[in-house]
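Here the structure comes first, spelled out in structure tokens, and everything after it is commentary.
Bear in mind that the values in this text are calculations on the coordinates, not laboratory data. All of these numbers come straight from a predicted model, not from anything done at the bench. Neighbour counts are summed over all protein chains in view; Cβ atoms, including those assigned to glycine, are modelled from backbone coordinates with ideal geometry.
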Amino acid sequence: MKRLVLTSIILSLITVVSFAQSVTQEIDSIEIFIGGQAHLKVSVQAKKGQKVEMPVFKQNEYITPGVEVLDNGTESSVEKDNDYVEISREYTLTSFDDTLYYIPPVKVKVAGKIYEGKSLALKVLTCEVDTVHPENFFPPYDVQNPPFDLTEWTTLIILSMVALLLFLLATYFYTRLKANKPLNIKFSFKKKLTPYEQAVKDINTLKASGKVHSENQKDYYSALTDTLRNYLASRFGFNAKEMITTEIIEALNKQDKATMIAEMKQLFETADLVKFAKFTVPLNENDMNLVNALEFVNKTKPEEKKEDDKKPKKTEAEKQMTLWRRIYKVLITILVLGGTALTIFVGWQILNLL
């Protein structure tokens, strides 16, 4: 019984020792052509925690004379049973001489001890060259242009079409400009009234509204004095809108062309009484104040220029045509500049692609 137990222990120790010293050395191809590559895989199984050192070759260092190491690869580890791990590394080999090479065992250090795998063989083959019939050989190809890819040109084609469209539109508008042919769109021209014309219009509107004989005299005098304040500000240049009655009369006294100052003073004072003191004015006095306001505006209006100095007025059709010519010129300028910019951009991109 003791012998059986002792034998089991000895076999277990032998298994553990042999397992720890297991180094595997494999090559994926035993034959390659000159300049080809083969991959040498070296694996070792060791107990967890043991230090494993695999050889690292310098670039183009020979593992054996005639066989170079191109790449050392990277180490990888896989866990095994009985608290062991397998560590492996794959080396890339090549050769440029056709012969049979002996790949020596790769030395791996585990816990300070060196272990080796099995030696291997690598056959390097050469390509047969028919020197008797050199006409069968062809010279190397010239540099080839990359294949045409439509997707690289799609954006440029679209931009080119847009540039062409812009030039066509510019040509179309230019021909209409030369032929004096406006588009079928009419513009309305609103005449800007002079201060005198605006004041007369506002007074006549107030008169037609019936507020002169209305019981609400405050609204009537507010509208009438607002019209006069706006006229005074535009006609004489002082800020009548923000002035009180005494300030307005003082400003009018300083004007050479101002007349009917007494009437204006009475009108503004009456308006102040109505608006702030709820004073009631007889209806005939309302009419008189409206007449005085209109007469004041007529007497202080600016002198009209002589007929000879006035520019000839344009007809409605001439105004429309003048406006359309300006619009055509702006459109043509924008379209030509936009088309030119796109053409330059597309041309530059084409030069970069060629």
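Multiply the residue gap between E68 and M161 by 0.36 nm, knock off their C-alpha separation, and tell me the result in nm, one decimal place.
Values: separation 93, 0.36 × 93 = 33.48 nm, distance 5.89 nm.
Taking E68 through M161 to full extension adds about 27.6 nm, to one decimal.
Could you order the peptides 338-349, 284-295, 48-59 from most to least packed, using the average number of other C-beta atoms within 10 Å per residue?
Listed from highest to lowest mean packing, they are 284-295, 338-349, 48-59.
Over every Cα atom in the stretch 54-183, the radius of gyration and the widest Cα-Cα span, Dmax, amount to 34.3, 104 Å.
Pairs to check: K51/K109; K47/K118; K48/K113. Give those whose C-alpha atoms are more than 19 Å from each other in this structure. Intermediate results must be reported in sequence, preceding the final value.
Working: K51/K109 8 Å; K47/K118 21 Å; K48/K113 15 Å.
Correct reply: K47/K118.
Assuming charge only on the beta carbon of Lys and Arg (+1) and of Asp and Glu (-1), the dipole of the stretch 141-299 about its Cα centre is about 620 debye to the nearest 20.
Greater than 25 Å separation of Cα atoms is the criterion. Which listed pairs, K241/K275; K254/K299; K211/K265; K192/K299; K278/K301, meet it? Each step should come with its number before you reach the end.
Values: K241/K275 16 Å; K254/K299 16 Å; K211/K265 21 Å; K192/K299 21 Å; K278/K301 33 Å.
From K241/K275; K254/K299; K211/K265; K192/K299; K278/K301, over 25 Å: K278/K301.
The H on the amide N of A258, modeled in the peptide plane, is under 5 Å from the matching H of no residue at least 5 residues off or on a different chain.
Please report the projected area of the stretch 206-287's Cα convex hull averaged over all directions, in nm². Please list the in-between numbers first.
On the way: hull surface 21.5 nm².
Mean projected area of the Cα convex hull: 5.4 nm².
Annotation for the stretch 240-277: trypsin sites (Lys or Arg not before Pro) lying in DSSP loop with at most 13 further Cβ atoms inside 10 Å of their Cβ are K254, K257. Between D256 and K278, the contour length at 0.36 nm per residue exceeds the alpha carbon distance by 4.5 nm.
Taking 25 °C and 0.890 mPa s as conditions, the stretch 154-300 diffuses translationally at an estimated 129 µm²/s according to Stokes-Einstein applied to its Kirkwood radius (Cα pairs).
Full extension of the chain between V330 and E86 gives 79.7 nm of extra length, using 0.36 nm per residue less the Cα-Cα distance.
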